[in-house]
Amino acid sequence: MAEAQKFTALGELMSSTTHEFNNVLTSIINYAQMGMRHQDEATRNRCFEKIMAAGNRAAKITTGVLGMARNRSDRREPTDLAPLVQDAVMLLEREMQKYRVELDVQIETTAPALAIGNQIQQVLLNLMINARQAMPKGGRLVVRLSQDEEGGVCLMVRDSGSGIPADQLPRIFDPFFSTKSGPDESGKGGTGLGLATCRDIIEAHAGKIRVQSTVGVGTAFTIRLPAANPVVPPSVMKSAVDVAPTAAQQS
């Protein structure tokens, strides 16, 4: 199931980035042609500025894709989640704009998480895509990275979408259960593999994933991961077994 979700996420990512690269290249070619047709300095300078902006955009996309390719080992290690969040947001930024979703990214200074960075980014991308699909008429998506009150690292994805009915909340992490009827117009979603894999990844990191949702208001997923070197009073230290998510916590 994890392998299937990995290839699904890769396919969705390549579809989005290939389309975006095509847009960037089209912009570069059009402005280059305009600069060749017009001899006046003002027009040519404007074209050079547009070409430079498009080139920088292409470089950011490449950086984001390369970031996804890093850290393929199966060992958790101290990982700064801020760059992973920034890369994930950058990769989906244009898609959010296309569907009229306003992005609110809040990144605080945190301790490094004890994590496999690529897997956490996979979880984040899946949650962001789900959030976008829950707002077919547009809305607001908040992505926040913060320090957990117990010394760990907290990652939250909150949308202003349709919400999840209370009777379905206890099942959303079950394999092959989906609140969607199938892929949307972009070809994404509907397999029922995404959230089950997200839960498995977070459990393997000795973390917790919780969901809060209200129909017509929106949904918030909160992930808590252990820090690599947490400074936590002994009285609030918990074992890995204690922090694993339960059905009650998820609902």
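The values are calculated or read from the model by the stated rules, or taken from the named source; none is laboratory data. Only a predicted model underlies this, so the values are computations on that prediction, with no experimental measurement involved. So basically every Cβ, Gly included, is an ideal-geometry build from the backbone, and we count neighbours across all protein chains shown. For accessibility, only protein heavy atoms count, side chains too; no ligands or nucleic acids. Shrake-Rupley method; radii C 1.70, N 1.55, O 1.52, S 1.80 Å.
Some values worked out for this structure:
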read-out: Chain lengthening between residue 75 and residue 18 when straightened (0.36 nm per residue, less Cα-Cα); value: 17.5 nm
read-out: Förster radius 41 Å - calculated FRET efficiency between residue 137 and residue 39 (Cβ-Cβ, nearest 0.05); value: 0.30
read-out: Distance in nm between pseudo-label sites at residue 104 and residue 32 (7 Å out along the Cβ direction from Cα); value: 4.2 nm
read-out: Accessible-area value, residue 98, 1.4 Å probe, nucleic acids and ligands omitted, Å²; value: 140 Å²
read-out: Values of log10 I(q)/I(0), in the order q = 0.15, 0.20, 0.25 Å⁻¹, for the stretch 93-173 under a Debye, Cα-only, solvent-free model; value: -0.64, -1.01, -1.21
